[in-house]
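One structure below.
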Amino acid sequence: MGLQNLAMEKLGKVYIVGAGPGPADLLTLKAHNCIKAADVILYDALISKDVRALFPENAELIFVGKRAGDGVDVTERQNSIHQKIEKHAKQGKVVVRVKSGDPMIFSRGAEETSFLLEKNIPFEVVPGISAFNAASAEFGVPLTDRRGSNSLHLLSGRDVAGKLLSVKQLVSIVENRGTAVIYMGTKVLEEIYEALDTVHRECIQTTIVSRSGRWDAQKFKGTLEEMVALNSETPVKTPALIYLRMEC
């Protein structure tokens, strides 16, 4: 029986890298090293110019971010990203998937790691500074405080199906001396306000940080009612985070 030539796939490695809030000096050393070693880089719309300036000249750069009004289905876009990652990894390349903030916090990192596990493609997740603690550090917004907050909770304004966050859960968090941080929440702030009773409307202290890590970053602070009025009159620029705590 003659020898049979079998085509062997030479797998590369995928690094899912957190690029932090924007400034390149907030990248971890490991994230920087991964970027420098990349053959292929897939990056999102929120990756700053500072970070993009670190991309190697000889690397293939693939933009996979969302464009406003592009009409592409979320699932379709994500599947396309998966296919691109798989294609280049199976060519034996070092593939670096650069994501803003931390890859595993509201960033579809879970979907990408599940895909890589299913395809038996070697990968590593490199954490990054997420928006919630970057904005906290930039503007001095306390996440926990022994005088008023003993827990931290990260929430999304809407879930993947578009359902509003649980206002009951939010009330429980703030009533139990917790700090609630809402990602992607400016468009649902008024809905949250309308769902609360008078006591919570008046007692929930609200801080909104807009575009943390960028030149036009801003902080707004007041009662929930004041922040709803502000956002209604002049919508806060995104990306933005909302910090909520009980103050009475």
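The values are calculated or read from the model by the stated rules, or taken from the named source; none is laboratory data. In this text the structure is predicted, and so the values were computed from the model without any measurement. For neighbour counting, all protein chains shown are included, and Cβ atoms are generated from backbone atoms with ideal geometry for every residue, glycine included. These area figures cover heavy atoms from the full protein model, side chains too; ligands, DNA and RNA do not enter into them. Shrake-Rupley method; radii C 1.70, N 1.55, O 1.52, S 1.80 Å.
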Could you grab me the full set of residues in the stretch 27-47 that are in contact with a Gly (Cβ under 8 Å, 6 or more places away or on another chain) and either modelled with pLDDT of 95 or more or charged (D, E, K, R) (or both)?
Leu27, Thr28, Ala31, Asp39, Tyr43, Asp44, Ile47
Out of all the residues in the stretch 200-218, is one or more without any contact (Cβ under 8 Å) to a residue 24 or more places away in the chain and not in a loop (DSSP other than H, G, I, E, B)?
yes
Residue ranges of helices (runs of 4 or more DSSP H) in the stretch 99-189 with at least 2 members in contact with a Phe, Trp or Tyr (Cβ under 7 Å, 6 or more places away or on another chain):
109-118
Determine the pairs where a residue that is free of Cβ contacts under 8 Å to residues at least 40 places away in the same chain, located within the stretch 78-89, has a partner that is surrounded by fewer than 19 Cβ atoms within 10 Å (Cβ to Cβ) and acidic (Asp, Glu) with Cβ atoms under 7 Å apart, the partner being 6 or more residues away or on another chain.
Gln78/Glu111
Of Ala161, Ala137, Ala131, which residue is under 15 Å from Lys219 (Cα atoms) and open to solvent by 80 Å² or more (accessible area, probe 1.4 Å)?
Ala137
Could you list, in sequence order, the residues of the stretch 97-128 that are of a type in the set (Lys, Arg) and open to solvent by less than 40 Å² (accessible area, probe 1.4 Å)?
Arg97, Lys99
One residue is enough: does the stretch 227-238 have a residue meeting the conditions closer than 29 Å to Val74 by Cβ and in a strand (DSSP E or B)?
no
